[in-house]
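Trainee: Below is one structure. I have some questions about it.
The values are calculated or read from the model by the stated rules, or taken from the named source; none is laboratory data. Bear in mind the structure is a predicted one, so any value in this text is a computation, not a measurement. Counting neighbours? That spans all protein chains shown, and the Cβs are built from the backbone with ideal geometry, glycine included. Note: accessible area is taken over every heavy atom of the protein model, side chains too, but ligands, DNA and RNA are not part of it. Shrake-Rupley method; radii C 1.70, N 1.55, O 1.52, S 1.80 Å.
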Amino acid sequence: AKRHGGNTYRVFVPSYRAVADSRRDLIRDLREAIQTHSITLHYQPIINAQTRQLAGFEALARWTHPVLGPIPPDRFIRLAEEAGLMHDLGHALLDEACRTAHSWPHNLWVSVNISVDQLYHRNFIGEVRRILKETSYPPRRLQLEVIETIFMESDAATYSVLQELDSLGVRIVLDDFGKGYSSLGYLRFFPFSKIKLDASFVRDMLSDSRSAAIVSAVIALAGDLGVAVTAEGVETEEYFYRLSSKGCTEVQGYLFGYPMSQDKVASFIAGHFRR
Ligand code: C2E
Ligand code: CA
Ligand code: CA
Ligand code: CA
């Protein structure tokens with residue numbers, strides 16, 4: 001806010017025109033970043049909550065804009081979807097994740113976020129198959145994370161694409177569970193092998209008994225369904241202890257490691273198994 005005589009403040013409101021221009025510029029830069037492979041993946045460790053062993057990594061996209069600096073992935077992923085660029089970006093990232101994870105020890109998997117746009121692209125299955133073949137990456141070590149907005153399509157369309165992925169041997173993970181309007185019906189009909197409990201429940205579970213009850217119920221339900229459950233946003237030992245004793249399968253959060261660049265992963269893995 002800028003000070004104008006007296007006690008009045010006038011807030012600078014960018015014109016519609018300026019917003020539209022900067023948005024157009026950002027889309028242009030995003031397109032270029034995709035073409036030059038300047039959007040890369042960082043990898044965050046996911047830990048077995050019972051043994052405390054490293055289980056795998058989630059791949060998270062990173063873009064540092066030459067002038068604006070780091071742009072949050074939530075933001076540029078949405079922009080890529082709106083600009084029709086998500087399909088190309090998603091393809092490049094999936095390819096990169098498989099190539100990178102190929103060099104990791106064989107018991108570790110990589111989990112890649114897939115946007116709705118990508119999932120329903122006409123040839124998504126064909127592309128996944130091709131990437132697996134070209135990188136000779138074992139499908140069993142690939143997890144694809146989807147969020148519940150995939151259920152906006154008809155159940156038949158959703159079922160068909162998830163079923164095809166399942167038959168490729170890839171594992172499907174339902175991300176951000178509990179955040180929106182997650183229906184239990186999804187768990188009944190679709191071939192998920194894991195659900196990720198949204199960080200908001202985890203964050204509140206120590207201070208709010210209702211959140212704690214939901215966390216316990218989701219873990220118990222997953223157990224009965226034979227589906228693994230990963231708790232996100234685990235930042236302290238106390239969360240880890242509670243989740244582990246409730247029977248949670250895996251945990252992810254700053255307590256175990258921040259998302260790190262590809263070259264840091266190797267030393268993280270070495271350090272982890274040396275302990
Ligand atoms: P997400 O899939 O739920 O990813 C988890 C987010 O939580 C990541 O944020 C991660 O850095 C953050 N996080 C991990 N541990 C902790 C913790 O202990 N505390 C807190 N406060 N946060 C933690 P990030 O990397 O900013 O990504 C945000 C979202 O952007 C992701 O949420 C995902 O929806 C989207 N995204 C990121 N990369 C991709 C991608 O390659 N493709 C697609 N489609 N979406 C992506
Ligand atoms: Ca995710
Ligand atoms: Ca999530
Ligand atoms: Ca999220």
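Trainee: Take the range 97-107 and flag every residue that is over 15 Å from residue 41 (Cβ atoms) and open to solvent by less than 40 Å² (accessible area, probe 1.4 Å). Explain how you work it out, then say what you get.
Mentor: In the first step, residues of the range 97-107 are kept if they are over 15 Å from residue 41 (Cβ atoms); the result is 105-107.
Within the range 97-107, no residue meets the criteria.
Trainee: Among the residues of the range 111-121, is there at least one that is crowded, with 18+ Cβ neighbours inside 10 Å, among the β-branched types (Val, Ile, Thr), free of Cβ contacts under 8 Å to residues at least 40 places away in the same chain and in a loop (DSSP other than H, G, I, E, B)?
Mentor: Within the range 111-121 (the criterion being crowded, with 18+ Cβ neighbours inside 10 Å, among the β-branched types (Val, Ile, Thr), free of Cβ contacts under 8 Å to residues at least 40 places away in the same chain and in a loop (DSSP other than H, G, I, E, B)), the answer is yes, since at least one residue qualifies.
Trainee: Something else about it: Give me a count of the residues in the range 40-64 that are out of contact with any Ser or Thr (no Cβ under 9 Å at 6 or more places or on another chain) and more than 14 Å from residue 258 (Cα to Cα).
Mentor: Filtering the range 40-64 for residues out of contact with any Ser or Thr (no Cβ under 9 Å at 6 or more places or on another chain) gives 44-45, 47, 51, 53-54, 60.
Those still in the list that are more than 14 Å from residue 258 (Cα to Cα) too: 51, 53.
Total meeting the criteria: 2.
Trainee: Which of the helices (runs of 4 or more DSSP H) contained wholly in the range 176-275 include at least 1 residues that are within 21 Å of residue 50 (Cβ to Cβ)?
Mentor: 199-204, 209-225, 237-246, 262-274
Trainee: Another question, if that's okay. From the list 94, 79, which residue is at pLDDT 95 or above and crowded, with 21+ Cβ neighbours inside 10 Å?
Mentor: Of 94, 79, the one residue that is at pLDDT 95 or above and crowded, with 21+ Cβ neighbours inside 10 Å is 94.
Trainee: Go through the range 192-203 and give me each residue that's open to solvent by 30 Å² or more (accessible area, probe 1.4 Å) and away from ligand 1 (no atom under 13 Å from the Cβ).
Mentor: 193 - this is the single residue of the range 192-203 that is open to solvent by 30 Å² or more (accessible area, probe 1.4 Å) and away from ligand 1 (no atom under 13 Å from the Cβ).
Trainee: Here is a follow-up. Of the conditions (1) more than 16 Å from ligand 3 (Cβ to nearest atom); (2) under 17 Å from residue 163 (Cβ atoms), residue 131 satisfies every one except a single condition; which number is it?
Mentor: The failed condition is (2).
Trainee: Among (1) out of contact with any Gly (no Cβ under 8 Å at 6 or more places or on another chain); (2) modelled with pLDDT of 95 or more; (3) surrounded by 14 or more Cβ atoms within 10 Å (Cβ to Cβ), there is one condition residue 237 misses while meeting the rest; what is its number?
Mentor: All conditions pass for residue 237, except number (3).
Trainee: In contact (Cβ under 8 Å) with a residue 12 or more places away in the chain, out of contact with any Pro (no Cβ under 9 Å at 6 or more places or on another chain), open to solvent by 40 Å² or more (accessible area, probe 1.4 Å) and away from ligand 4 (no atom under 16 Å from the Cβ): does that describe residue 184?
Mentor: Taking the combined requirement at face value, the residue satisfies it.
Trainee: If we keep just the residues of the range 122-152 that are among the aliphatic types (A, V, I, L, M) and in a helix (DSSP H, G or I), which is surrounded by the most Cβ atoms within 10 Å (Cβ to Cβ)?
Mentor: 128
Trainee: Follow-up question, since we're still on this one. If you take the residues of the range 15-59 that are open to solvent by 20 Å² or more (accessible area, probe 1.4 Å) and acidic (Asp, Glu), which of them is modelled with the lowest pLDDT?
Mentor: Top of the filtered list is 21.
Trainee: Does residue 139 satisfy the condition of being away from ligand 2 (no atom under 15 Å from the Cβ), free of Cβ contacts under 8 Å to residues at least 12 places away in the same chain and in contact with a Lys or Arg (Cβ under 9 Å, 6 or more places away or on another chain)?
Mentor: no
Trainee: Taking the range 50-70 on its own, how many of its residues are part of a strand (DSSP E or B), touching a Phe, Trp or Tyr at 6+ places or on another chain (Cβ under 9 Å) and away from ligand 1 (no atom under 13 Å from the Cβ)?
Mentor: Summing the residues that are part of a strand (DSSP E or B), touching a Phe, Trp or Tyr at 6+ places or on another chain (Cβ under 9 Å) and away from ligand 1 (no atom under 13 Å from the Cβ) in the range 50-70 gives 4.
Trainee: So residue 178 ticks every box in (1) of a type in the set (Gly, Ala, Ser); (2) at positive phi; (3) away from ligand 4 (no atom under 16 Å from the Cβ); (4) touching a strand residue (DSSP E or B) at 6+ places or on another chain (Cβ under 9 Å) but one. Which box is left unticked?
Mentor: Every condition holds for residue 178 apart from (3).
Trainee: Take residue 84 and decide whether it is outside any helix (DSSP H, G or I) and within 16 Å of ligand 3 (Cβ to nearest atom).
Mentor: No, not satisfied.
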